[in-house]
Amino acid sequence: HFIANHRWVGFTQDYFAVGKSAGEMLTDPKFTTTLPGLDGTNPVDAFDPMWSVVEVPALDDNTFNGKVVKLLRNYAKISVAYNAGTQDPNEGSFILQGFAVGNVMKTGSIVPFRTENYLYYFDFPPNTPTVPANAEIIDASEIEPNFFIPSSQSFNLFEKGTDEGKIAFVLIKGERTNRNGTSLGVRYYKVDLITRKAIDQNDPNKVISAYFPILRNRHYQVNIASVNSDGFSTIADAIQAPAGNNIFSSVELKDFEHVSDGQKSLVVSPIQQVLVTPGTYSFSTNYMSGTTDL
């Protein structure tokens, strides 16, 4: 195993490692890094460490002569691109100012690994995220205006799965002029990190949206083709709203057409409807209090 740029503080002498397996050593919490805290107590080299593994038949002075070992970063990066030339002028205009990423992991593992039947496997390249035990998620509610970075830069983040309870997303910031020519100033837009998966090989138009894990040493780019909505005036409103690119993933569409607290009930029909064009739409509701319809 090769590890570079790690802060080797708190490690014992090499001879204490004799007889220990790679699974016992490299999964130790010492082989993690944490994002800098606002109090400055955490290390600032969170995204510096790199790792690799090489299997060799023997280890001697000539094992690696003339050989190059490629190392993997312990982080991924996200960037945002917008081509104003693809913007439909009938839908207004948009000037991209920057972006932030919400619900990211505070701690990352230097060495990627997976476990199976009490055994440790170190895959190269890894195809599953390695999330340290008890790692915290930096809640999206902590995003502030000074968290946004220019679109010319990339945002670094640790590996993250899709089952930690809070899905990572991108928050876009920019100046918006609506289709009526009215300047709305700075607006915010939420974009889910999703991919499109085909569900019918014979019909390319039949696809579903699916979240994907964040893996180290990957570059995820969000390409904005056009901005057709007016977004939100505050960061908090944008975070709470459904993502602009993935309405189904952020809205509950379960069969809860009948809601009751035991005394009163509310029935709504239809239980789901996607509105994509301006117009008038009819909804039927039936509110019952006891045995009397209101």
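The values are calculated or read from the model by the stated rules, or taken from the named source; none is laboratory data. Owing to the predicted nature of the structure, the values given are computational and were not obtained by experimental measurement. Positions of Cβ are generated from backbone atoms using ideal geometry, with glycine treated the same way; all protein chains shown enter the neighbour counts. Accessible surface is based on the protein model in full, side chains and every heavy atom, while ligands, DNA and RNA are left aside. Shrake-Rupley method; radii C 1.70, N 1.55, O 1.52, S 1.80 Å.
General observations
- Of everything in region 64-106 that is of a type in the set (Val, Ile, Thr) and more than 14 Å from the chain's Cα centre (by Cα), the residue that is farthest from Phe147 (Cα to Cα) is Val68.
- Candidates in region 120-132 are the residues that are assigned to a loop (DSSP other than H, G, I, E, B) and open to solvent by 90 Å² or more (accessible area, probe 1.4 Å); of these, the one that is nearest to Asn156 (Cα to Cα) is Asn127.
- Contact map, region 224-246: residues that are touching a residue at least 60 places away in the same chain (Cβ under 8 Å) and over 16 Å from Ala100 (Cα atoms) paired with residues that are open to solvent by 60 Å² or more (accessible area, probe 1.4 Å) and outside any loop (DSSP other than H, G, I, E, B), Cβ distance under 8 Å, separation 6+ or inter-chain. Pairs shown: Ala225/Thr86; Ser226/Thr86.
- Within region 134-153, the only residue that satisfies the criterion of being closer than 30 Å to Val54 by Cα and in contact (Cβ under 8 Å) with a residue 12 or more places away in the chain is Ala135.
- Where Lys77 falls short, out of the listed (1) open to solvent by 60 Å² or more (accessible area, probe 1.4 Å); (2) part of a loop (DSSP other than H, G, I, E, B); (3) of a type in the set (D, E, K, R); (4) in contact (Cβ under 8 Å) with a residue 40 or more places away in the chain: (2)
- Out of Val227, Val267, sole residue that is open to solvent by less than 50 Å² (accessible area, probe 1.4 Å) and modelled with pLDDT under 75: Val267
- Restricting attention to region 12-22 and to residues that are modelled with pLDDT of 80 or more and closer than 25 Å to Arg114 by Cβ, the residue that is surrounded by the most Cβ atoms within 10 Å (Cβ to Cβ) turns out to be Ala22.
- Restricted to region 83-107, and to residues there that are of a type in the set (A, V, I, L, M) and assigned to a strand (DSSP E or B), the residue that is surrounded by the fewest Cβ atoms within 10 Å (Cβ to Cβ) is Ile95.
- Top-ranked residue of region 1-11 - restricted to ones that are within 22 Å of Phe64 (Cβ to Cβ) and either β-branched (Val, Ile, Thr) or part of a loop (DSSP other than H, G, I, E, B) (or both), ranked as least open to solvent (accessible area, probe 1.4 Å): His6
- Of all residues in region 231-243, those satisfying the criterion of being at pLDDT below 90 and either surrounded by fewer than 19 Cβ atoms within 10 Å (Cβ to Cβ) or β-branched (Val, Ile, Thr) (or both) are Gln240, Ala241, Pro242.
- Extreme residue, modelled with the highest pLDDT, among residues of region 108-119 that are open to solvent by 40 Å² or more (accessible area, probe 1.4 Å) and in a loop (DSSP other than H, G, I, E, B): Phe113
- Only a single criterion out of (1) under 19 Å from Ile138 (Cβ atoms); (2) in a loop (DSSP other than H, G, I, E, B); (3) at pLDDT 85 or above is not satisfied by Asn62, namely (1).
- Sole residue being touching a strand residue (DSSP E or B) at 6+ places or on another chain (Cβ under 6 Å) and without any contact (Cβ under 8 Å) to a residue 40 or more places away in the chain, chosen from Ala168, Ala210: Ala210
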